[in-house]
Structure formats: structure tokens, C-alpha cells
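Rule-based calculations on the coordinates, nothing more; no lab input. Keep in mind it's a predicted model, so treat the numbers as computed, not measured. Cβ atoms come from the backbone with ideal geometry, glycine included; neighbour counts cover every protein chain shown.
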Amino acid sequence: MIPLTPYLHHCAPEIAPATLSAIVQVESGGDPWALWDNTARRGYRPASRRQAERILRVLMGEGHQVDVGLAQVDTENFPAYGLRPSNVFDACTNLRVGADILAAAYRKAAAVYGPGQQALYHAFEAYNSGALHGDAIYANRVLRAAGIPVNVQAGGGLSYVRLPHAPEFLPYVLMWGKAPKAVVAPRKTGLMYVLNW
């Protein structure tokens with residue numbers, strides 16, 4: 001595990017640090033050497049970068065599709081970003097590519113849903129699956145990792161999720177569509193969170 005904050009600000013400044021940090025938490029748990037073999041449906045937690053590179057080379061040589069590093073960048077994305085086993089485990093490179101993939105997914109979602117939180121939610125789905133919808137479980141995991149105690153259902157409804165540090169009852173104000181004024185993230189006002197979708 002490495003301290004993410006300096007990397008997030010330096011390597012992926014176009015993505016809010018809390019957003020990319022939540023994705024990293026869900027994807028790799030902050031393990032820079034983490035590997036997930038999509039082909040064999042198996043994870044690897046190498047003890048070193050050298051071991052991670054060796055495992056990745058073997059898996060790629062066998063034609064496996066693998067998610068790699070902090071942001072779990074899929075080997076299918078390697079050609080587009082000039083990645084290879086020798087550079088994908090660099091924390092800054094991995095986070096930059098993860099941020100680029102998320103930003104591309106957000107632009108695609110914003111073209112369909114308009115800019116804002118709804119597009120970001122669908123971008124989370126696309127980050128994991130490649131599709132703008134159909135992966136609500138993953139998107140809700142990212143929301144929880146970011147400390148947002150709600151689940152968004154397929155129809156757009158919300159349900160409260162009790163987080164260990166949250167009070168027993170937490171009221172919400174919800175605004176669907178364009179917010180009257182821009183809100184970068186849910187803001188806490190006493191016991192009230194305002195979510196703009």
C-alpha cells in the first residue's frame with residue numbers, strides 16, 4: 001500500500017482525488033502490484049513489483065486478459081496508452097491511465113445523460129464493464145468507498161446504506177437533473193447531505 005494523495009494530485013489532476021481514491025479502493029484496495037486475471041477469474045497479490053511483472057508477462061503470454069495495478073487497468077487498454085509490464089506498475093502511470101479511462105467514460109456518459117452526478121455514476125459503471133449501464137453493483141461500491149451512503153437502483157431510486165461511521169438516521173435532499181448551482185461533491189450541512197443527480 002502506498003500513500004495515494006500525492007500521486008492523485010500530481011498524476012491525475014483532472015479527476016477529483018476522492019473519486020479516483022474510491023475507485024482505487026474498490027479496484028485494488030490500494031495494492032500497487034494487484035492483478036486480476038479476467039480469463040481465469042483469479043486474483044494475484046505479488047509481494048514485489050518484480051514478481052508482479054513476471055506474473056503479468058506469463059499471463060499475457062498465455063493470452064489472458066488481466067486488470068493491473070492500483071487502478072486495475074485492463075491489458076486490453078495497453079496498446080492505446082503505450083503500456084507494457086515494465087511500466088504499468090508505475091503508480092503515476094497507472095493512476096494517469098485509470099483517470100484517462102474514467103474521464104473518457106464520463107464524457108461518453110455526459111453525452112447521454114448530461115453533465116453531472118448522473119453521468120459520473122454511469123461512468124463508474126463503464127469504468128468496470130465498458131457499458132454505461134448494467135453494473136450498478138460496482139458503481140454503488142464506488143459510492144460507498146467514497147463515503148456516500150446510498151445505493152442507486154436501476155430505475156434511479158435511492159436507498160440508504162448504513163455505514164459504520166454514519167448516524168442511525170440521515171435525511172437527504174435529492175435533486176434530479178441540473179442542480180440550481182454547481183456542487184462538486186455531496187456537501188454536509190449538519191445532518192443533511194445534498195446530492196445532486
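A few points about this structure:
- Long-range amide H partners of D74 with built H, under 5 Å: V68
- With R₀ fixed at 22 Å, the C-beta to C-beta distance from A131 to A40 puts the FRET efficiency at about 0.45.
- Net length gained if the chain between A111 and H9 were fully extended (0.36 nm per residue, minus Cα distance): 34.1 nm
- Note on R49/E76: beta-carbon distance plugged into 1/(1 + (r/R0)^6) with R0 of 22 Å gives a FRET efficiency of 0.50.
- Applying Stokes-Einstein at 4 °C and 1.567 mPa s to the Kirkwood radius of region 5-155, computed over alpha-carbon pairs, gives a translational diffusion coefficient of 83 µm² s⁻¹.
- Put simply, when 131-137, 98-104 are sorted by average Cβ atoms within 10 angstrom per residue, most first, you get 98-104, 131-137.
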